[in-house]
Amino acid sequence: MGRTYRKRTKGKTRKQIATLEVANAAHRAKHTEQLTSGALLKARQKIKSLNLTCAYYKTKSELSDSRYWKERRRTLYMKKQGSKLKSKLADLKVLMKQFQSDLGWKKGELQGLRETSEHSIQSLQQRLDVIQKSKSELQTEHRKLKKIHQRLLKAKQALEKDEKQRKRKDLQMGKRQQVFQLKHKGVYTTGARKLARYLVSIGTTETMVGAAIQEMGNVLGVDVKDCMSERTVQRAVLEGGVASEIQLAYEIANAKYSTSHKHIEYESRHIALKVVNYLDPDAEPQWTSRTLGVATSVDHSSETQVDGLKMRIRSLADVFNESLLARRTGLTFSSDDFAYKLMGTSGDHAADQKKSHKILRTWKMDVILQRLGEEALLRMDINRITTLLVPRKLKLIEDMGGQGAWNKLTEDEKSAADISVIREIGQEVFDGLPQEDKNKLSMFIRTGCCMHKDLNCVKGGDKKMQQMWKAKNKTPPILLANRENATTLACQEDPSNPTPIEKRAEEMSK
(Lines give C-alpha, C1' and ligand atoms only; values in the text may rest on other atoms or scores of the structure.)
Protein backbone atom coordinates (compact mmCIF):
# COMPACT_ATOMS: atom_id res chain seq x y z
CA MET A 1 0.00 0.00 0.00
CA GLY A 2 1.07 3.43 -0.55
CA ARG A 3 1.56 6.08 2.16
CA THR A 4 -1.18 8.72 2.67
CA TYR A 5 -0.54 12.32 3.67
CA ARG A 6 -2.71 14.90 5.50
CA LYS A 7 -4.20 17.58 3.34
CA ARG A 8 -2.67 20.87 4.21
CA THR A 9 -4.96 23.88 4.68
CA LYS A 10 -4.80 26.80 2.56
CA GLY A 11 -2.91 29.59 4.29
CA LYS A 12 -4.45 32.97 5.01
CA THR A 13 -3.11 36.22 3.85
CA ARG A 14 -1.92 38.85 6.27
CA LYS A 15 -4.84 41.07 5.36
CA GLN A 16 -7.30 38.40 6.06
CA ILE A 17 -5.57 37.65 9.33
CA ALA A 18 -5.68 41.24 10.35
CA THR A 19 -9.36 41.48 9.42
CA LEU A 20 -10.06 38.37 11.41
CA GLU A 21 -8.15 39.74 14.35
CA VAL A 22 -10.14 42.98 14.27
CA ALA A 23 -13.39 41.08 14.05
CA ASN A 24 -12.28 38.78 16.75
CA ALA A 25 -11.34 41.67 19.05
CA ALA A 26 -14.70 43.34 18.44
CA HIS A 27 -16.48 40.14 19.10
CA ARG A 28 -14.37 39.60 22.19
CA ALA A 29 -15.08 43.08 23.48
CA LYS A 30 -18.75 42.65 22.92
CA HIS A 31 -18.74 39.27 24.56
CA THR A 32 -16.64 40.59 27.41
CA GLU A 33 -19.10 43.45 28.02
CA GLN A 34 -22.03 41.06 28.08
CA LEU A 35 -20.18 38.64 30.22
CA THR A 36 -19.08 41.36 32.61
CA SER A 37 -22.55 42.78 33.22
CA GLY A 38 -24.19 39.37 33.78
CA ALA A 39 -21.39 37.94 35.89
CA LEU A 40 -21.28 41.04 38.05
CA LEU A 41 -24.94 40.72 38.81
CA LYS A 42 -24.53 37.10 39.54
CA ALA A 43 -21.44 37.78 41.64
CA ARG A 44 -23.26 40.42 43.63
CA GLN A 45 -26.12 38.05 44.27
CA LYS A 46 -23.70 35.35 45.20
CA ILE A 47 -21.76 37.71 47.49
CA LYS A 48 -25.01 38.74 49.18
CA SER A 49 -25.93 35.12 49.58
CA LEU A 50 -22.50 34.36 50.96
CA ASN A 51 -22.74 37.30 53.36
CA LEU A 52 -26.05 36.01 54.64
CA THR A 53 -24.62 32.53 54.94
CA CYS A 54 -21.57 33.94 56.70
CA ALA A 55 -23.75 35.89 59.14
CA TYR A 56 -25.82 32.78 59.82
CA TYR A 57 -22.76 30.68 60.47
CA LYS A 58 -21.21 33.45 62.56
CA THR A 59 -24.32 33.59 64.72
CA LYS A 60 -24.34 29.80 64.92
CA SER A 61 -20.65 29.84 65.83
CA GLU A 62 -21.27 32.34 68.62
CA LEU A 63 -24.08 30.17 69.97
CA SER A 64 -21.83 27.15 69.71
CA ASP A 65 -19.06 28.99 71.56
CA SER A 66 -21.51 30.00 74.29
CA ARG A 67 -22.77 26.44 74.60
CA TYR A 68 -19.23 25.15 74.59
CA TRP A 69 -18.12 27.39 77.48
CA LYS A 70 -21.29 26.60 79.39
CA GLU A 71 -20.76 22.89 78.87
CA ARG A 72 -17.09 23.26 79.84
CA ARG A 73 -17.95 25.03 83.06
CA ARG A 74 -20.62 22.43 83.73
CA THR A 75 -18.16 19.63 83.00
CA LEU A 76 -15.60 21.11 85.41
CA TYR A 77 -18.28 21.47 88.08
CA MET A 78 -19.44 17.90 87.53
CA LYS A 79 -15.83 16.68 87.76
CA LYS A 80 -15.42 18.42 91.12
CA GLN A 81 -18.75 17.04 92.35
CA GLY A 82 -17.82 13.61 91.02
CA SER A 83 -14.54 13.62 92.98
CA LYS A 84 -16.44 14.63 96.13
CA LEU A 85 -19.03 11.93 95.54
CA LYS A 86 -16.28 9.37 94.97
CA SER A 87 -14.75 10.33 98.33
CA LYS A 88 -18.15 10.09 100.02
CA LEU A 89 -18.80 6.79 98.24
CA ALA A 90 -15.54 5.40 99.57
CA ASP A 91 -16.50 6.48 103.09
CA LEU A 92 -19.95 5.00 102.63
CA LYS A 93 -18.43 1.71 101.47
CA VAL A 94 -16.35 1.58 104.69
CA LEU A 95 -19.43 2.42 106.76
CA MET A 96 -21.42 -0.16 104.80
CA LYS A 97 -18.89 -2.85 105.65
CA GLN A 98 -19.04 -1.89 109.34
CA PHE A 99 -22.83 -1.78 109.19
CA GLN A 100 -22.97 -5.19 107.52
CA SER A 101 -20.69 -6.58 110.24
CA ASP A 102 -22.80 -5.00 112.99
CA LEU A 103 -25.98 -6.06 111.21
CA GLY A 104 -24.86 -9.68 111.15
CA TRP A 105 -24.13 -9.57 114.89
CA LYS A 106 -27.41 -7.78 115.59
CA LYS A 107 -29.32 -10.32 113.49
CA GLY A 108 -27.90 -13.15 115.57
CA GLU A 109 -28.61 -11.23 118.77
CA LEU A 110 -32.10 -10.34 117.60
CA GLN A 111 -32.77 -13.95 116.65
CA GLY A 112 -31.74 -15.12 120.11
CA LEU A 113 -33.81 -12.38 121.70
CA ARG A 114 -36.75 -13.22 119.48
CA GLU A 115 -36.58 -16.85 120.53
CA THR A 116 -36.33 -15.82 124.17
CA SER A 117 -39.23 -13.37 123.76
CA GLU A 118 -41.35 -15.99 122.01
CA HIS A 119 -40.59 -18.42 124.81
CA SER A 120 -41.51 -15.79 127.41
CA ILE A 121 -44.66 -14.86 125.53
CA GLN A 122 -45.67 -18.52 125.25
CA SER A 123 -45.04 -19.01 128.96
CA LEU A 124 -47.12 -15.93 129.80
CA GLN A 125 -49.86 -17.04 127.44
CA GLN A 126 -49.90 -20.50 128.99
CA ARG A 127 -50.03 -18.96 132.43
CA LEU A 128 -52.88 -16.70 131.33
CA ASP A 129 -54.75 -19.72 129.97
CA VAL A 130 -54.19 -21.57 133.25
CA ILE A 131 -55.38 -18.53 135.24
CA GLN A 132 -58.49 -18.15 133.11
CA LYS A 133 -59.19 -21.86 133.35
CA SER A 134 -58.63 -21.78 137.11
CA LYS A 135 -60.93 -18.77 137.37
CA SER A 136 -63.75 -20.56 135.59
CA GLU A 137 -63.14 -23.71 137.64
CA LEU A 138 -63.13 -21.66 140.84
CA GLN A 139 -66.41 -20.03 139.88
CA THR A 140 -67.92 -23.43 139.18
CA GLU A 141 -66.46 -24.81 142.40
CA HIS A 142 -67.78 -21.81 144.33
CA ARG A 143 -71.30 -22.45 143.07
CA LYS A 144 -70.97 -26.12 144.01
CA LEU A 145 -69.61 -25.26 147.46
CA LYS A 146 -72.43 -22.82 148.02
CA LYS A 147 -74.96 -25.50 147.24
CA ILE A 148 -73.08 -27.98 149.45
CA HIS A 149 -72.97 -25.41 152.24
CA GLN A 150 -76.72 -24.94 152.04
CA ARG A 151 -77.24 -28.72 152.14
CA LEU A 152 -74.84 -29.02 155.08
CA LEU A 153 -76.71 -26.35 156.99
CA LYS A 154 -79.95 -28.21 156.42
CA ALA A 155 -78.29 -31.48 157.40
CA LYS A 156 -76.82 -29.84 160.51
CA GLN A 157 -80.23 -28.60 161.54
CA ALA A 158 -81.70 -32.03 160.93
CA LEU A 159 -78.92 -33.70 162.94
CA GLU A 160 -79.39 -31.28 165.81
CA LYS A 161 -83.08 -32.03 165.77
CA ASP A 162 -82.42 -35.80 165.69
CA GLU A 163 -79.83 -35.46 168.48
CA LYS A 164 -82.31 -33.64 170.68
CA GLN A 165 -84.95 -36.29 170.00
CA ARG A 166 -82.46 -39.08 170.69
CA LYS A 167 -81.34 -37.55 173.97
CA ARG A 168 -84.92 -37.04 174.99
CA LYS A 169 -85.72 -40.63 174.09
CA ASP A 170 -82.67 -41.96 175.97
CA LEU A 171 -83.61 -39.99 179.05
CA GLN A 172 -87.11 -41.30 178.89
CA MET A 173 -86.09 -44.92 178.43
CA GLY A 174 -83.08 -44.72 180.77
CA LYS A 175 -80.89 -46.40 178.23
CA ARG A 176 -77.19 -45.78 177.57
CA GLN A 177 -74.98 -46.82 174.77
CA GLN A 178 -73.28 -50.06 175.69
CA VAL A 179 -70.71 -50.41 172.83
CA PHE A 180 -68.37 -47.76 171.42
CA GLN A 181 -66.97 -48.49 167.94
CA LEU A 182 -63.51 -47.09 167.25
CA LYS A 183 -63.62 -48.38 163.65
CA HIS A 184 -66.02 -47.92 160.78
CA LYS A 185 -65.72 -50.47 157.99
CA GLY A 186 -62.32 -51.53 159.31
CA VAL A 187 -60.87 -47.99 159.50
CA TYR A 188 -60.38 -46.01 162.70
CA THR A 189 -62.81 -43.10 162.74
CA THR A 190 -61.81 -39.43 162.75
CA GLY A 191 -62.98 -39.11 166.36
CA ALA A 192 -60.82 -42.08 167.43
CA ARG A 193 -57.70 -40.63 165.79
CA LYS A 194 -58.45 -37.21 167.30
CA LEU A 195 -58.80 -38.79 170.77
CA ALA A 196 -55.46 -40.57 170.29
CA ARG A 197 -53.71 -37.31 169.38
CA TYR A 198 -55.23 -35.60 172.41
CA LEU A 199 -54.02 -38.31 174.79
CA VAL A 200 -50.50 -38.07 173.34
CA SER A 201 -50.55 -34.26 173.67
CA ILE A 202 -51.34 -34.47 177.42
CA GLY A 203 -48.48 -36.88 178.07
CA THR A 204 -49.85 -40.38 177.48
CA THR A 205 -47.27 -42.65 175.86
CA GLU A 206 -48.12 -43.95 172.41
CA THR A 207 -47.95 -47.53 173.70
CA MET A 208 -50.60 -46.91 176.37
CA VAL A 209 -53.11 -44.90 174.31
CA GLY A 210 -55.18 -47.94 173.29
CA ALA A 211 -55.38 -49.25 176.83
CA ALA A 212 -56.22 -45.78 178.17
CA ILE A 213 -59.19 -45.48 175.78
CA GLN A 214 -60.51 -48.88 176.89
CA GLU A 215 -60.08 -47.98 180.55
CA MET A 216 -61.97 -44.69 180.07
CA GLY A 217 -64.73 -46.70 178.37
CA ASN A 218 -64.96 -49.07 181.32
CA VAL A 219 -65.26 -46.13 183.75
CA LEU A 220 -68.02 -44.59 181.63
CA GLY A 221 -69.78 -47.91 181.28
CA VAL A 222 -69.05 -48.27 177.59
CA ASP A 223 -67.55 -51.36 176.02
CA VAL A 224 -64.61 -50.45 173.72
CA LYS A 225 -63.83 -53.54 171.69
CA ASP A 226 -60.84 -52.41 169.60
CA CYS A 227 -57.48 -51.53 171.14
CA MET A 228 -55.47 -48.97 169.14
CA SER A 229 -51.88 -50.11 168.55
CA GLU A 230 -48.74 -47.99 169.03
CA ARG A 231 -48.17 -47.86 165.25
CA THR A 232 -51.71 -46.61 164.64
CA VAL A 233 -51.26 -43.90 167.26
CA GLN A 234 -48.00 -42.77 165.62
CA ARG A 235 -49.71 -42.56 162.24
CA ALA A 236 -52.58 -40.54 163.74
CA VAL A 237 -50.04 -38.09 165.21
CA LEU A 238 -48.26 -37.77 161.84
CA GLU A 239 -51.62 -37.27 160.14
CA GLY A 240 -52.37 -34.39 162.51
CA GLY A 241 -49.02 -32.79 161.72
CA VAL A 242 -49.62 -32.96 157.96
CA ALA A 243 -53.15 -31.61 158.41
CA SER A 244 -51.81 -28.67 160.42
CA GLU A 245 -49.31 -27.86 157.65
CA ILE A 246 -52.09 -27.94 155.06
CA GLN A 247 -54.14 -25.65 157.28
CA LEU A 248 -51.22 -23.22 157.57
CA ALA A 249 -51.16 -22.87 153.78
CA TYR A 250 -54.58 -21.17 154.06
CA GLU A 251 -53.76 -18.97 157.01
CA ILE A 252 -50.31 -17.65 156.18
CA ALA A 253 -48.53 -14.56 157.55
CA ASN A 254 -45.37 -14.24 159.64
CA ALA A 255 -43.77 -13.24 162.91
CA LYS A 256 -40.75 -15.00 164.36
CA TYR A 257 -38.46 -15.25 167.33
CA SER A 258 -35.09 -16.98 167.79
CA THR A 259 -32.96 -17.94 170.79
CA SER A 260 -30.35 -20.54 171.80
CA HIS A 261 -29.99 -23.27 174.45
CA LYS A 262 -26.67 -24.86 175.38
CA HIS A 263 -24.96 -23.04 172.48
CA ILE A 264 -27.37 -24.55 169.94
CA GLU A 265 -29.41 -22.03 167.96
CA TYR A 266 -33.17 -22.56 168.09
CA GLU A 267 -35.66 -20.63 166.00
CA SER A 268 -39.32 -20.52 166.96
CA ARG A 269 -41.74 -18.94 164.50
CA HIS A 270 -45.45 -18.22 164.61
CA ILE A 271 -47.94 -16.25 162.55
CA ALA A 272 -50.91 -14.12 163.56
CA LEU A 273 -53.82 -13.93 161.14
CA LYS A 274 -57.58 -13.78 160.87
CA VAL A 275 -59.19 -17.20 160.32
CA VAL A 276 -62.74 -18.42 160.12
CA ASN A 277 -64.35 -20.62 162.73
CA TYR A 278 -64.55 -24.00 161.03
CA LEU A 279 -67.47 -25.00 163.24
CA ASP A 280 -69.32 -21.81 162.29
CA PRO A 281 -68.12 -20.61 158.84
CA ASP A 282 -70.64 -17.73 158.78
CA ALA A 283 -69.15 -16.11 161.89
CA GLU A 284 -66.77 -13.15 161.71
CA PRO A 285 -63.09 -14.24 161.29
CA GLN A 286 -61.05 -13.87 164.48
CA TRP A 287 -57.36 -13.18 165.06
CA THR A 288 -55.54 -16.46 165.76
CA SER A 289 -51.93 -17.43 166.36
CA ARG A 290 -50.49 -20.39 164.44
CA THR A 291 -47.09 -21.93 165.09
CA LEU A 292 -44.60 -22.71 162.34
CA GLY A 293 -42.63 -25.00 164.62
CA VAL A 294 -39.22 -24.90 166.33
CA ALA A 295 -36.04 -25.73 164.42
CA THR A 296 -32.28 -25.50 164.89
CA SER A 297 -29.92 -23.39 162.77
CA VAL A 298 -26.17 -23.25 162.22
CA ASP A 299 -25.85 -19.64 163.37
CA HIS A 300 -27.85 -16.62 164.51
CA SER A 301 -27.31 -14.42 161.43
CA SER A 302 -30.20 -12.64 159.73
CA GLU A 303 -29.58 -14.35 156.40
CA THR A 304 -29.74 -17.80 158.03
CA GLN A 305 -32.97 -16.93 159.83
CA VAL A 306 -34.66 -15.70 156.64
CA ASP A 307 -33.41 -18.73 154.66
CA GLY A 308 -34.83 -21.01 157.37
CA LEU A 309 -38.18 -19.24 157.13
CA LYS A 310 -38.22 -19.57 153.34
CA MET A 311 -37.34 -23.26 153.60
CA ARG A 312 -40.19 -23.80 156.07
CA ILE A 313 -42.69 -21.99 153.83
CA ARG A 314 -41.55 -23.99 150.78
CA SER A 315 -42.04 -27.19 152.81
CA LEU A 316 -45.59 -26.11 153.68
CA ALA A 317 -46.23 -25.24 150.02
CA ASP A 318 -45.00 -28.65 148.85
CA VAL A 319 -47.23 -30.48 151.33
CA PHE A 320 -50.29 -28.40 150.48
CA ASN A 321 -49.85 -28.51 146.69
CA GLU A 322 -49.63 -32.32 146.82
CA SER A 323 -52.71 -32.66 149.04
CA LEU A 324 -56.16 -33.74 147.90
CA LEU A 325 -57.54 -30.46 149.20
CA ALA A 326 -55.42 -28.49 146.73
CA ARG A 327 -56.42 -30.75 143.85
CA ARG A 328 -60.10 -30.58 144.75
CA THR A 329 -60.19 -26.81 145.13
CA GLY A 330 -57.73 -26.05 142.32
CA LEU A 331 -55.70 -23.77 144.62
CA THR A 332 -51.91 -23.45 144.77
CA PHE A 333 -49.60 -21.95 147.36
CA SER A 334 -45.98 -20.74 147.09
CA SER A 335 -43.46 -18.86 149.16
CA ASP A 336 -44.13 -15.76 147.02
CA ASP A 337 -47.78 -15.88 148.12
CA PHE A 338 -46.57 -15.79 151.70
CA ALA A 339 -44.29 -12.79 151.04
CA TYR A 340 -47.09 -10.96 149.20
CA LYS A 341 -49.43 -11.30 152.20
CA LEU A 342 -46.77 -10.60 154.84
CA MET A 343 -47.61 -7.34 156.65
CA GLY A 344 -44.77 -7.14 159.17
CA THR A 345 -42.56 -8.89 161.70
CA SER A 346 -42.31 -9.07 165.47
CA GLY A 347 -39.08 -9.71 167.36
CA ASP A 348 -36.68 -8.31 169.90
CA HIS A 349 -34.57 -5.19 169.45
CA ALA A 350 -31.40 -7.04 168.49
CA ALA A 351 -29.53 -5.97 165.36
CA ASP A 352 -30.09 -9.32 163.62
CA GLN A 353 -33.86 -8.96 163.99
CA LYS A 354 -33.82 -5.48 162.48
CA LYS A 355 -31.73 -6.73 159.55
CA SER A 356 -34.06 -9.70 159.08
CA HIS A 357 -36.96 -7.26 158.92
CA LYS A 358 -35.20 -5.33 156.12
CA ILE A 359 -34.46 -8.55 154.19
CA LEU A 360 -38.09 -9.67 154.44
CA ARG A 361 -39.28 -6.23 153.36
CA THR A 362 -37.02 -6.40 150.28
CA TRP A 363 -38.38 -9.88 149.50
CA LYS A 364 -41.97 -8.61 149.78
CA MET A 365 -41.30 -5.63 147.47
CA ASP A 366 -39.59 -7.88 144.90
CA VAL A 367 -42.67 -10.14 144.84
CA ILE A 368 -45.03 -7.13 144.58
CA LEU A 369 -43.09 -5.60 141.67
CA GLN A 370 -42.91 -8.97 139.88
CA ARG A 371 -46.66 -9.51 140.19
CA LEU A 372 -47.44 -5.96 139.05
CA GLY A 373 -45.22 -6.48 136.01
CA GLU A 374 -46.79 -9.85 135.17
CA GLU A 375 -50.31 -8.46 135.53
CA ALA A 376 -49.42 -5.51 133.27
CA LEU A 377 -48.02 -7.85 130.58
CA LEU A 378 -51.06 -10.14 130.76
CA ARG A 379 -53.31 -7.17 129.94
CA MET A 380 -51.30 -6.30 126.78
CA ASP A 381 -51.46 -7.77 123.29
CA ILE A 382 -48.54 -9.65 121.72
CA ASN A 383 -47.23 -6.68 119.70
CA ARG A 384 -47.21 -4.41 122.74
CA ILE A 385 -45.43 -7.06 124.82
CA THR A 386 -42.75 -7.50 122.13
CA THR A 387 -42.25 -3.73 121.79
CA LEU A 388 -41.86 -3.39 125.54
CA LEU A 389 -39.66 -6.41 126.25
CA VAL A 390 -37.25 -6.43 123.27
CA PRO A 391 -35.39 -3.14 124.03
CA ARG A 392 -35.12 -4.02 127.73
CA LYS A 393 -33.84 -7.50 126.91
CA LEU A 394 -31.26 -6.08 124.49
CA LYS A 395 -30.03 -3.65 127.15
CA LEU A 396 -29.91 -6.46 129.72
CA ILE A 397 -27.79 -8.65 127.41
CA GLU A 398 -25.51 -5.70 126.60
CA ASP A 399 -25.02 -4.92 130.31
CA MET A 400 -24.10 -8.54 130.94
CA GLY A 401 -21.36 -8.46 128.29
CA GLY A 402 -23.12 -9.35 125.06
CA GLN A 403 -24.76 -12.41 123.55
CA GLY A 404 -21.72 -14.61 124.22
CA ALA A 405 -21.79 -13.89 127.94
CA TRP A 406 -25.57 -14.39 127.98
CA ASN A 407 -25.29 -17.81 126.34
CA LYS A 408 -22.86 -18.92 129.06
CA LEU A 409 -25.42 -18.29 131.84
CA THR A 410 -27.40 -21.15 133.36
CA GLU A 411 -31.16 -21.41 132.94
CA ASP A 412 -31.71 -20.27 136.54
CA GLU A 413 -29.50 -17.21 135.98
CA LYS A 414 -31.33 -16.37 132.74
CA SER A 415 -34.67 -16.79 134.50
CA ALA A 416 -33.56 -14.46 137.32
CA ALA A 417 -32.44 -11.87 134.74
CA ASP A 418 -35.80 -12.11 132.94
CA ILE A 419 -37.61 -11.63 136.25
CA SER A 420 -35.55 -8.48 136.85
CA VAL A 421 -36.90 -7.10 133.54
CA ILE A 422 -40.45 -7.88 134.66
CA ARG A 423 -39.74 -6.13 137.98
CA GLU A 424 -38.62 -3.03 136.08
CA ILE A 425 -42.01 -2.97 134.38
CA GLY A 426 -43.67 -3.56 137.77
CA GLN A 427 -41.71 -0.64 139.23
CA GLU A 428 -43.10 1.64 136.51
CA VAL A 429 -46.61 0.41 137.31
CA PHE A 430 -46.00 0.91 141.05
CA ASP A 431 -44.69 4.46 140.50
CA GLY A 432 -47.88 5.31 138.58
CA LEU A 433 -50.22 4.16 141.38
CA PRO A 434 -51.91 6.62 143.76
CA GLN A 435 -50.09 7.14 147.05
CA GLU A 436 -52.86 5.39 148.98
CA ASP A 437 -52.47 2.22 146.90
CA LYS A 438 -48.69 2.40 147.25
CA ASN A 439 -49.02 2.56 151.02
CA LYS A 440 -51.35 -0.45 151.08
CA LEU A 441 -49.03 -2.56 148.95
CA SER A 442 -45.75 -1.61 150.61
CA MET A 443 -46.94 -1.51 154.25
CA PHE A 444 -44.53 -3.56 156.38
CA ILE A 445 -44.53 -3.00 160.15
CA ARG A 446 -41.94 -4.07 162.71
CA THR A 447 -42.79 -4.52 166.40
CA GLY A 448 -40.40 -5.36 169.23
CA CYS A 449 -40.50 -6.96 172.65
CA CYS A 450 -38.59 -6.67 175.93
CA MET A 451 -38.08 -10.40 176.49
CA HIS A 452 -34.29 -10.13 176.14
CA LYS A 453 -34.31 -7.41 178.80
CA ASP A 454 -36.02 -9.88 181.14
CA LEU A 455 -33.47 -12.53 180.16
CA ASN A 456 -30.64 -10.14 181.03
CA CYS A 457 -32.22 -9.66 184.46
CA VAL A 458 -32.26 -13.43 184.99
CA LYS A 459 -28.63 -13.69 183.90
CA GLY A 460 -27.68 -10.87 186.23
CA GLY A 461 -29.47 -12.55 189.14
CA ASP A 462 -27.70 -15.85 188.40
CA LYS A 463 -24.32 -14.09 188.36
CA LYS A 464 -24.99 -12.37 191.70
CA MET A 465 -26.11 -15.67 193.21
CA GLN A 466 -22.85 -17.35 192.16
CA GLN A 467 -20.90 -14.49 193.75
CA MET A 468 -22.97 -14.90 196.93
CA TRP A 469 -21.92 -18.56 197.34
CA LYS A 470 -18.29 -17.55 197.19
CA ALA A 471 -18.71 -14.49 199.44
CA LYS A 472 -20.43 -16.51 202.19
CA ASN A 473 -18.13 -19.49 201.68
CA LYS A 474 -21.06 -21.78 201.07
CA THR A 475 -21.28 -24.89 198.90
CA PRO A 476 -22.96 -23.91 195.62
CA PRO A 477 -25.37 -26.24 193.77
CA ILE A 478 -23.45 -29.16 192.33
CA LEU A 479 -23.20 -29.88 188.62
CA LEU A 480 -25.60 -32.68 187.56
CA ALA A 481 -24.04 -34.12 184.45
CA ASN A 482 -25.48 -36.97 182.42
CA ARG A 483 -23.85 -40.38 182.32
CA GLU A 484 -21.47 -39.60 179.44
CA ASN A 485 -20.40 -36.15 180.66
CA ALA A 486 -20.15 -37.38 184.27
CA THR A 487 -17.57 -40.00 183.19
CA THR A 488 -15.56 -37.32 181.36
CA LEU A 489 -15.61 -34.92 184.32
CA ALA A 490 -14.80 -37.65 186.84
CA CYS A 491 -11.57 -38.43 184.96
CA GLN A 492 -10.25 -34.85 185.10
CA GLU A 493 -6.57 -34.69 185.96
CA ASP A 494 -6.38 -30.92 186.58
CA PRO A 495 -9.77 -29.19 187.19
CA SER A 496 -8.08 -25.78 187.04
CA ASN A 497 -6.81 -26.46 183.50
CA PRO A 498 -9.51 -28.55 181.74
CA THR A 499 -9.07 -29.94 178.24
CA PRO A 500 -11.40 -28.83 175.39
CA ILE A 501 -13.40 -32.06 175.79
CA GLU A 502 -13.76 -31.48 179.53
CA LYS A 503 -14.83 -27.86 178.92
CA ARG A 504 -17.48 -28.98 176.50
CA ALA A 505 -18.79 -31.62 178.93
CA GLU A 506 -19.02 -29.00 181.67
CA GLU A 507 -20.75 -26.42 179.41
CA MET A 508 -23.28 -28.94 178.10
CA SER A 509 -24.17 -29.98 181.64
CA LYS A 510 -24.96 -26.48 182.91
Read through the list (1) more than 49 Å from the chain's Cα centre (by Cα); (2) open to solvent by less than 90 Å² (accessible area, probe 1.4 Å), then give the number of the only condition that ALA192 fails.
(1)
Going through (1) within 20 Å of GLY308 (Cβ to Cβ); (2) open to solvent by less than 50 Å² (accessible area, probe 1.4 Å); (3) not aromatic (Phe, Trp, Tyr) one by one, ALA376 fails only at (1)
Would you say ARG197 is basic (Lys, Arg), touching a helix residue (DSSP H, G or I) at 6+ places or on another chain (Cβ under 7 Å) and either open to solvent by 60 Å² or more (accessible area, probe 1.4 Å) or free of Cβ contacts under 8 Å to residues at least 12 places away in the same chain (or both)?
yes
Anything in region 348-364 that is within 19 Å of the chain's Cα centre (by Cα) and touching a residue at least 60 places away in the same chain (Cβ under 8 Å)? List them, or say none.
LEU360, ARG361, LYS364
Sort out which residues of region 463-474 are surrounded by fewer than 11 Cβ atoms within 10 Å (Cβ to Cβ) and either at pLDDT below 85 or aliphatic (A, V, I, L, M) (or both), and write them in order of number.
ALA471
Which residues, counting only those in region 429-449, are without any contact (Cβ under 8 Å) to a residue 24 or more places away in the chain and open to solvent by 70 Å² or more (accessible area, probe 1.4 Å)?
ASP431, PRO434, GLN435, GLU436, ASN439, LYS440
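The values are calculated or read from the model by the stated rules, or taken from the named source; none is laboratory data. The shown structure was predicted, so the numbers you read here are calculated from the model rather than taken from an experiment. Note that each Cβ is placed from the backbone with ideal geometry, even for glycine, and that neighbours are counted across all protein chains shown. Keep in mind that these areas ignore ligands, DNA and RNA; they rest on the heavy atoms of the full protein, side chains included. Shrake-Rupley method; radii C 1.70, N 1.55, O 1.52, S 1.80 Å.
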